Protein chains: 2
Amino acid sequence: MSTADRRTNKHSAPSLHQQVFVSLARTEATLHDALDRVLVPRGLSLTQYNVLRILRGAGAEGLCRNEVGERLITRMPDVTRLLDRMEAADLVTRSRSTDDRRLVNTMLTKKGLTLVNDLDHEVDQLHRSQLDHLSAADLRTLVRLLDAARSKS
Amino acid sequence: MSTADRRTNKHSAPSLHQQVFVSLARTEATLHDALDRVLVPRGLSLTQYNVLRILRGAGAEGLCRNEVGERLITRMPDVTRLLDRMEAADLVTRSRSTDDRRLVNTMLTKKGLTLVNDLDHEVDQLHRSQLDHLSAADLRTLVRLLDAARSKS
DNA sequence: TGACAATAGGTGTTGCAACACTCATATTAC
DNA sequence: GTAATATGAGTGTTGCAACACCTATTGTCA
């Protein structure tokens, strides 16, 4: 675009790269919203649900705060208060490590584990219903291209 | 999963549908974060940038609040204060319609138009650099599958 | 025409997210 | 062994987002 165009409404058609970005954002928002409609009635945000799944995968030893943050999908600079809220809801419990007293291990409570196990089926059903009009080959292609799309970052 | 498993850490491997959801969320977060690093130094959130592009596309007449909200990528129940902040930053201006006095038309200021035009090149360069290791055919396939993935919702 | 519903916009409040900063503990260098 | 650095966790503050609710204007229909 030339300097003379800077104060006009003229702008070029979106490039293929931009189409990818917009389509990606729209699809993520659509699927995210639908999942929220399952999680919010249970008092969970998507981030909190991800923490439950992360901690379930970690087993009884739990994980320290930074390990939880690293495994989260979205960058989350305030894991402390996220875990505070989940501790207040009796979903997780924390205990300071004796090995390294800087570390605080967080693990699921029985209530948290039951909740995330209960949600497995409902969430899987939702994802299936949202995507069952695509073939397995298409889904595998989609995952492959999505993974490739972020491989540079 | 059987009832007996509800309080265990046993859970099945993620289905293909779940892999799509996770990969989609991760890729969106990665690309979103990179774009934020371009926009935040200019004082913009991604949503505000989208509003600028929406209003540029609308031309001099502008759009009313609900029309802006409908065109946004993510559901946004508080467009009023979003536009308040952009008006305070002198990016948009508002005027109540005389035809239907319920409507308030929002349009870009000269500053807002210049800003969004200036960002075009930088944003496009970013998107290209993030995705230039994928072929055009792959990008077209990605857009097609992403569009298909949200077609049911 | 006058009551009532529908639409558009705005507001009050609450809770969460992001930033910078501090404190405690552990590791490293000398 | 002590000082300096690095790492992990938590806190104070600010701003934005989401929810419910309210007001003004328009449209609908008896």
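The table that follows gives values for the structure above.
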item	result
B:Gln19 being surrounded by fewer than 19 Cβ atoms within 10 Å (Cβ to Cβ), polar (S, T, N, Q) and under 29 Å from A:Lys152 (Cβ atoms)	yes
Number of the condition not met by B:Gly43 [criteria: (1) surrounded by 13 or more Cβ atoms within 10 Å (Cβ to Cβ); (2) more than 12 Å from every other protein chain (Cβ to nearest Cβ); (3) away from DNA strand C (no atom under 12 Å from the Cβ)]	(1)
Hits in region B:31-49 (condition: in contact with a helix residue (DSSP H, G or I) (Cβ under 8 Å, 6 or more places away or on another chain) and either within 17 Å of A:Leu24 (Cβ to Cβ) or at pLDDT below 95 (or both))	B:Leu31, B:His32, B:Ala34, B:Leu35, B:Asp36, B:Val38, B:Leu39, B:Leu46, B:Thr47, B:Tyr49
Residue within region A:91-103 that is away from DNA strand D (no atom under 13 Å from the Cβ) and not hydroxyl-bearing (Ser, Thr, Tyr) present	yes
Filter result (surrounded by fewer than 15 Cβ atoms within 10 Å (Cβ to Cβ) and either at positive phi or not charged (D, E, K, R) (or both)) within region A:77-103	A:Pro77, A:Thr80, A:Ala88, A:Asp90, A:Ser95, A:Ser97, A:Thr98
Yes/no for B:Leu103 being within 28 Å of B:Leu142 (Cβ to Cβ) and of a type in the set (A, V, I, L, M)	no
Considering residues of region B:51-66 that are buried (at least 16 other Cβ atoms within 10 Å of the Cβ) and within 17 Å of the chain's Cα centre (by Cα) only, the residue farthest from the other protein chains (Cβ to nearest Cβ)	B:Arg65
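Conditions tested, residue by residue: (1) touching a strand residue (DSSP E or B) at 6+ places or on another chain (Cβ under 7 Å); (2) at pLDDT below 95; (3) within 7 Å of chain B (Cβ to nearest Cβ).
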site	(1), (2), (3)
A:Ser97	yes, no, no
A:Asp100	no, no, no
A:Leu103	yes, no, no
A:Thr109	yes, no, no
A:Asn117	no, no, yes
A:Val123	no, no, no
A:Ser135	no, no, no
A:Arg144	no, no, no
A:Asp147	no, no, yes
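The values are calculated or read from the model by the stated rules, or taken from the named source; none is laboratory data. Predicted model only: the values in this text are computed from it and were never measured. A quick note on method: Cβ atoms are made from the backbone with ideal geometry, for glycine too, and the neighbour counts reach across all protein chains shown.
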